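Worksheet: the structure to be examined is printed underneath.
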């Protein structure tokens, strides 16, 4: 067949193929155009935002201090004669802890007491002689002054001897023993520590911007890494009169009962201060979406479509979060199913979604946007 005839015979076939291609393209385009309009509404769980009582907290790190604390030292240079305690022992107030050698002081006390007795006898005889007018009144005055000086000397000797007996100034728990019998101690030598830890103080800093929220008597709770899972309760006993000019924080002192002696001086405690209740907009934490620096919730409009509402959040606690700005009382927001939403998308309420426990499973998706 000549080439010209082959070309003419293939033209009708090419036309048919082109027409079919165009029709197929138009059919796909029509479906693409109508696809979004026919997309089903997203099934979500919603909640109406309302004002609720909200008592938020202030968290800080504090250090435990004993109610009373002292380092026991000697007042004089002397040799340790006896030690009456063991490390870690509980002692009563006034209990004798260390006895220093005081032989010289005891001998001097005996001599002073003898002189005082002799002076007392001389004064008694002088009084009788004055009544009989056998001696002058001035001589009796001299004897009385001698007796008073002897009594004062006895008191001085007893004080010197008492310095050789070191006693507990208050009831408490002793630390590690630092001396043994025969040790030579000097003024300032540490013998042991004594702490009253039946009640302890915990001092912790609070920023000055929260000063108005502080008050004596507020409830405190504390936890320590030394006792995992255990919570200690206390109250605010003192708020410092000064604010640190460097940190702009005020030191708050909490008073914690410590009957079992579990809290020890120097221990680090995570303190939580319960602030007074107030009215606030509170939403489930799962409803809050964080994308980069933007924090928002999905707000439902009157036509059951959603929009982004940028919010500022405050305190978070127990799966709930305070919304400071961005929402109003009565707004309806999406709680569960936020990860599949886009602005303007229609939604429908899923009645079975609210009681389902795996609501937290949507939280990672919501956070990721």
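Derivation of every value follows stated rules applied to the coordinates shown; laboratory data play no part. Fair warning: this is a prediction, and the values are worked out from it, not measured in the lab. Virtual Cβ from ideal backbone geometry, glycine too; neighbours counted across all protein chains shown.
Given R₀ = 30 Å, FRET efficiency for residue 215-residue 261 by Cβ-Cβ distance, to 0.05? After rounding to 0.05, the efficiency reads 0.55.
If one computes the Cα centroid of the range 145-215 and of the range 275-318, what distance in Å separates the two points? A separation of 57 Å, based on Cα centres. Listing 279, 118 from fewest to most neighbouring C-beta atoms within 10 Å gives 279, 118. Using only the Cα atoms of the range 261-316, build the gyration tensor, take square roots of its eigenvalues as a ≥ b ≥ c, and label the shape rounded, prolate or oblate: rounded if a/c is under 1.5, else prolate if a/b is larger than b/c, else oblate. Taking the square roots of the gyration eigenvalues as a ≥ b ≥ c, the range 261-316 is prolate.
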